[in-house]
Amino acid sequence: MAILPVKLLDTSHEARDQAQDHERRLELLAKVLASGMAGQRIERTEVERACSPQTTDCLVKLLRDRGAERGLFVVVQKTSTLILQIFADLVDIRNEKLLVHKELNFRGDNDEAWRRAGEFLARQLEAAPDGASSRVR
């Protein structure tokens, strides 16, 4: 399973620039998911080189070219410091079919909250009927 870089949609309109914190937390979430689901992370630079603009068709082709059977697409929406939501799609790359869609809310915009959300999401994806077979050892 290939895990694409986690994307962020920040609609919080917070005054303080949090770009560095956001980048660190996106990386943290991707690492936690890769560890919890035995997936291979695709680096942001590879995606940027291969897909500009980053369309679904291009991302699926990139994963297919890398030999991935399944791909995990994740977006975090930050509404405020206290309210964040994760949208995750596990896709069968060969058949271009959505296998599992998960949405979860979590509270707290700090490293610990993001880590715990990633661990919970990995367990949820693994427990999903089609997600269980996504574990590759």
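For the reader, a short list of remarks on this structure follows.
- Test result for residue 50, of a type in the set (Gly, Ala, Ser) and modelled with pLDDT of 95 or more: yes
- Filter result (at pLDDT below 95 and more than 19 Å from residue 100 (Cα to Cα)) within the range 32-42: none
- Residue in the range 85-99 that is of a type outside the set (Val, Ile, Thr), farther than 19 Å from residue 130 by Cα and buried (at least 17 other Cβ atoms within 10 Å of the Cβ) present: no
- Qualifying position, being under 14 Å from the mean Cα position of the chain (by Cα) and farther than 23 Å from residue 115 by Cβ, among 8, 59, 72, 29: 59
- Every residue from the range 66-122 that is of a type in the set (Phe, Trp, Tyr), in contact with a Lys or Arg (Cβ under 9 Å, 6 or more places away or on another chain) and either in a strand (DSSP E or B) or free of Cβ contacts under 8 Å to residues at least 24 places away in the same chain (or both): 73, 87, 106
- Considering only residues in the range 1-27 that are among the aliphatic types (A, V, I, L, M) and closer than 21 Å to residue 85 by Cβ, the one that is surrounded by the fewest Cβ atoms within 10 Å (Cβ to Cβ) turns out to be 19.
- Annotation: of all residues in the range 28-62 being surrounded by fewer than 16 Cβ atoms within 10 Å (Cβ to Cβ) and charged (D, E, K, R), the one that is nearest to residue 111 (Cα to Cα) is 31.
The values are calculated or read from the model by the stated rules, or taken from the named source; none is laboratory data. Only a predicted model underlies this, so the values are computations on that prediction, with no experimental measurement involved. Cβ atoms come from the backbone with ideal geometry, glycine included; neighbour counts cover every protein chain shown.
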